[in-house]
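Worksheet: the structure to be examined is printed underneath.
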Amino acid sequence: MKKGLHPENYREVVFKDMSNEDIFITRSTVATKETIEIDGVTYPLVKLEITNTSHPFFTGKQKLVDTAGRVDKFMSRYAKHMEGKKK
């Protein structure tokens, strides 16, 4: 790394997904008071509520809602009823 390019507190930090206990280590300047020990090394700890390992979009567990299809189905089902009201 070049001198003066990165902030002084740029260091390895552990990010922990609290929903599934998944952890990953990366470099960051985030401020935190908590620490965690992994393989005998103590790292600053940042707790996250959701990451790519627990988010429904990234895990493939997201349910897609077809609102256009629902509206079309509703309109076709109640078309006769609605025509009677227009007269």
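Some values worked out for this structure:
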quantity: Of the GluC sites (Glu not before Pro) in segment 1-32, those whose Cβ has at most 12 other Cβ within 10 Å and which sit in DSSP loop; calculated: E8, E21
quantity: Segment T26-V41, length gained on full extension (0.36 nm per residue, minus Cα span); calculated: 4.0 nm
quantity: Cross-link partners of K3 among aspartates and glutamates (Cα-Cα below 19 Å; sequence separation of 8 or more within a chain); calculated: E12
quantity: Those trypsin sites (Lys or Arg not before Pro) in segment 2-40 that DSSP places in a loop and that have at most 10 other beta carbons within 10 Å; calculated: K2, K3, K33
quantity: Estimated FRET transfer efficiency when R0 is 35 angstrom, pair L48-K73 (beta carbons, to 0.05); calculated: 0.35
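Computed from the coordinates by the stated procedures, all read-outs in this text should not be read as laboratory data. Only a predicted model underlies this, so the values are computations on that prediction, with no experimental measurement involved. As a convention, Cβ positions derive from the backbone with ideal geometry for all residues, glycine included, and neighbour counts pool all protein chains shown.
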